[in-house]
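Structure record follows, encoded as structure tokens.
The values are calculated or read from the model by the stated rules, or taken from the named source; none is laboratory data. Predicted model only: the values in this text are computed from it and were never measured. When we count neighbours, we look across all protein chains shown, and the Cβ atoms used for this are built from the backbone with ideal geometry, even at glycine. Heavy atoms of the whole protein, side chains included, go into the accessibility calculation; ligands, DNA and RNA do not. Shrake-Rupley method; radii C 1.70, N 1.55, O 1.52, S 1.80 Å.
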Amino acid sequence: MNDGLVLIPTYNERENAELIIRKVFSLPKAFDILIIDDGSPDGTADIVRGLQPEFEGRLFIEERKGKLGLGTAYIHGFRWALSHGYEYVFEMDADFSHNPDDLVRLYDACAYQGYDLAIGSRYIQGVNVVNWPMDRVLMSWFASAYVRFITGMPIMDATAGFKCYTARVLRTIPLDRIHFVGYAFQIEMKWLAYKFGFRIKEVPIIFTDRTRGTSKMSKGIVQEAFLGVIRMKVSSWFRPFNRKEESLAPISTSSVASATPAPESR
């Protein structure tokens, strides 16, 4: 088993699934992959299962029943990673908007430079986004500025979804108390890591919009983020942030598992 696990949530990613898996496994640093598939009707899970014999012991899949939300997919993956002893746990999209080559740079920031959370940042060195329309670039940039203004958190790319966590961060953050599923999930996880006093580094990346498949972005996800940041800040006034590792809830160790539906959807 390798010390790093890449979590890739999927829903209808048959065009990208095999390509992203093979690319990650081609890197000079060895990573394992866990696909968390939310019942993709296009057969994404079938493609992943078909590749498992070729990458035995390195490629895993957890299948959930229906679209249960990006945040719940990652939390499911975090628990799976911790229960299997991984030290470095990555979030990455399936659509190549995150360049898999940058996994090595995020790993180095945590494994060799001593950071607890490494963020693949689009905005730490200007604006590094390719193929997004200007209105979406502006929405994303101003969303991060809004988060900094409300929370005081000194992170330029607060909504980034390309990250590496050390296991100690995921054991400390109370995963059962994460509220949000989209943009706000990404913000909340950074906020909690910051409030618990972990060392955070933003690693500059170039973000490229997907060329295959369809985006899962929705107005509801953006609304959740706008209101969720205020709620998150206010609730932080009434809770302690003592660094204490959480005990893990049991999780299936098989390659296929189901989850209880949540009211939010991706």
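One residue stands out among those in region 65-87 that are modelled with pLDDT under 95 and in a loop (DSSP other than H, G, I, E, B): the one that is most open to solvent (accessible area, probe 1.4 Å), which is Lys65. Across region 89-109, the number of residues qualifying as open to solvent by less than 30 Å² (accessible area, probe 1.4 Å) and touching a Gly at 6+ places or on another chain (Cβ under 9 Å) comes to 12. If we scan region 154-163, do we find a residue that is closer than 30 Å to Glu18 by Cβ, part of a loop (DSSP other than H, G, I, E, B) and out of contact with any strand residue (DSSP E or B) (no Cβ under 8 Å at 6 or more places or on another chain)? Among the residues of region 154-163, at least one is closer than 30 Å to Glu18 by Cβ, part of a loop (DSSP other than H, G, I, E, B) and out of contact with any strand residue (DSSP E or B) (no Cβ under 8 Å at 6 or more places or on another chain), which makes the answer yes. Residue count for region 88-121 under the criterion of being closer than 29 Å to Ser40 by Cα and assigned to a loop (DSSP other than H, G, I, E, B): the result is 8. Of Arg177, Arg212, Arg199, all but one fail to be open to solvent by 50 Å² or more (accessible area, probe 1.4 Å) and at pLDDT 95 or above; the exception is Arg199. If the condition is being of a type in the set (D, E, K, R), surrounded by fewer than 21 Cβ atoms within 10 Å (Cβ to Cβ) and more than 30 Å from Asp108 (Cβ to Cβ), then region 29-64 contributes Asp42, Asp46, Arg49, Glu63. I'd like to check something: does region 75-93 contain any residue that is without any contact (Cβ under 8 Å) to a residue 24 or more places away in the chain and either farther than 24 Å from Ile173 by Cβ or more than 17 Å from the chain's Cα centre (by Cα) (or both)? Checked region 75-93: no residue is without any contact (Cβ under 8 Å) to a residue 24 or more places away in the chain and either farther than 24 Å from Ile173 by Cβ or more than 17 Å from the chain's Cα centre (by Cα) (or both).
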